[in-house]
Each structure stands twice: as C-alpha cells, then as structure tokens.
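Trainee: Just passing along the structure, written as structure tokens.
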C-alpha cells in the first residue's frame with residue numbers, strides 16, 4: 001500500500017500491472033488508490049487467492065471523472081455487482097477483461113446501468129454463473145460493443161441455446177462484429193457422461 005500511495009508522484013505512469021499471491025484483504029483500498037491515478041490508461045490486477053472481498057461503492061459523479069483507464073483486466077474472483085462498482089469509475093474504458101469471475105449471491109437491482117460509451121471489447125472468463133445472471137449484467141453495458149468473448153464453465157443448458165444468443169444480439173448489440181464462445185462442462189468419472197445431459 002505504501003508503494004501505491006507513492007505512485008501518484010509519477011507523472012508519466014500510464015501502465016500498471018499488480019500480481020499478488022495468498023493474500024486476504026479488502027481490495028477496495030487498492031482500487032481506490034489506483035483509480036485516482038489520473039493519467040493511467042492500462043491496469044491489470046492479478047490475485048491468486050480465494051478469500052477476497054471488495055467494499056467499493058458505485059462512483060459519485062465527481063469520482064467518475066478521475067480515471068483515464070482505457071484497458072482494464074480484473075484477474076481475481078469478483079461478482080458482477082462488484083465489477084459494476086469498479087467500472088463505474090472508468091468511463092473512458094475501451095477494453096474490459098474479467099478472468100476467474102464467479103457467481104456470488106447478489107441483488108440484481110443493485111447492478112446499475114453503466115453506460116461505457118467507449119467500450120468496444122468485453123471478455124468474460126467466468127464459472128458457476130447462470131445465464132440469467134450473465135444476461136442481467138451484460139445488458140447493462142455498452143450497446144455499441146464490437147467484440148464479445150465468453151468463456152464459461154457452468155451446468156446451465158441455456159448457454160447452449162442459440163436462440164438466447166440471437167435475442168441478446170438483436171435486442172442489445174446490433175453493432176457486434178465478433179463473438180467468441182467457449183463452454184466447459186464436467187464429465188462424471190463413473191459413467192463418463194456429462195451430468196447435465198444424463199437422463200437417469
């Protein structure tokens with residue numbers, strides 16, 4: 001934290017990558033310091049830990065103008081409502097990548113519509129997230145999205161319904177040029193079948 005506090009004295013700092021392991025802390029303090037770096041355009045936070053929490057509120061109108069981040073990579077466990085809180089500070093965002101995101105009980109009404117006018121690339125590598133929760137979050141991002149990359153591990157057949165993706169595209173993302181989709185499922189070791197396809 002003492003190092004992060006001193007970063008504000010670096011007038012040309014435009015890119016920052018932080019890698020941490022085996023920590024247990026509130027990430028809000030890290031995000032608050034980094035999001036105040038007014039010329040930072042690239043930020044990646046990578047944490048290999050499971051005991052994380054983020055008590056970061058949605059940005060106020062004044063706080064929304066502070067960050068110049070255009071490319072953000074969140075490489076740690078993070079639920080959709082916390083992602084919404086983080087990106088509410090980054091109105092200049094063009095590229096957002098979420099790795100290791102997971103579903104966590106949240107109030108869907110608390111996820112605000114974050115209009116990221118410049119966002120053109122969104123990549124989500126997530127697991128355990130039901131399609132309905134995924135759709136609730138993604139509908140509240142920029143409708144001008146050009147590229148969407150989804151990597152999902154979840155026992156939810158809805159992800160394999162082409163009609164659902166077509167409706168999402170036609171209703172919200174008419175400007176989408178590239179769509180990449182990877183779906184992972186688990187195989188039962190006893191009968192070598194996909195559990196969600198089993199009819200036994």
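The values are calculated or read from the model by the stated rules, or taken from the named source; none is laboratory data. Because the structure is a prediction, the values reported are computed rather than measured. As a convention, Cβ positions derive from the backbone with ideal geometry for all residues, glycine included, and neighbour counts pool all protein chains shown.
Trainee: If you scan segment 28-44, which residues turn out to be touching a helix residue (DSSP H, G or I) at 6+ places or on another chain (Cβ under 8 Å) and without any contact (Cβ under 8 Å) to a residue 40 or more places away in the chain?
Mentor: Selection gives 30, 33, 34, 36, 37, 40, 43.
Trainee: Next up: Can you pull out every residue in segment 50-88 that is in a helix (DSSP H, G or I) and surrounded by 18 or more Cβ atoms within 10 Å (Cβ to Cβ)?
Mentor: 80, 81, 82, 83, 84, 85, 86, 87
Trainee: If you go through segment 118-144, how many residues are over 12 Å from the mean Cα position of the chain (by Cα) and in a helix (DSSP H, G or I)?
Mentor: The total comes to 5.
Trainee: Scan (1) at pLDDT below 90; (2) closer than 18 Å to residue 121 by Cα; (3) assigned to a loop (DSSP other than H, G, I, E, B); (4) touching a strand residue (DSSP E or B) at 6+ places or on another chain (Cβ under 6 Å) for the single condition residue 91 breaks and write down its number.
Mentor: Evaluating residue 91 over (1) at pLDDT below 90; (2) closer than 18 Å to residue 121 by Cα; (3) assigned to a loop (DSSP other than H, G, I, E, B); (4) touching a strand residue (DSSP E or B) at 6+ places or on another chain (Cβ under 6 Å) leaves (4) as the failure.
Trainee: Can you confirm whether segment 147-159 contains a residue that is at pLDDT below 85, loosely packed, with under 14 Cβ neighbours inside 10 Å and assigned to a loop (DSSP other than H, G, I, E, B)?
Mentor: Yes, there is a match, as at least one residue in segment 147-159 is at pLDDT below 85, loosely packed, with under 14 Cβ neighbours inside 10 Å and assigned to a loop (DSSP other than H, G, I, E, B).
Trainee: Identify, please: which residue in segment 95-129 is closer than 21 Å to residue 143 by Cα and surrounded by fewer than 16 Cβ atoms within 10 Å (Cβ to Cβ) and is, among those, modelled with the highest pLDDT?
Mentor: Among those residues, the one meeting the criterion is 118.
Trainee: Continuing with this model, one more query. Say we look at segment 176-200 and pick out the residues that are surrounded by 12 or more Cβ atoms within 10 Å (Cβ to Cβ) and part of a loop (DSSP other than H, G, I, E, B); which of these is modelled with the highest pLDDT?
Mentor: 176
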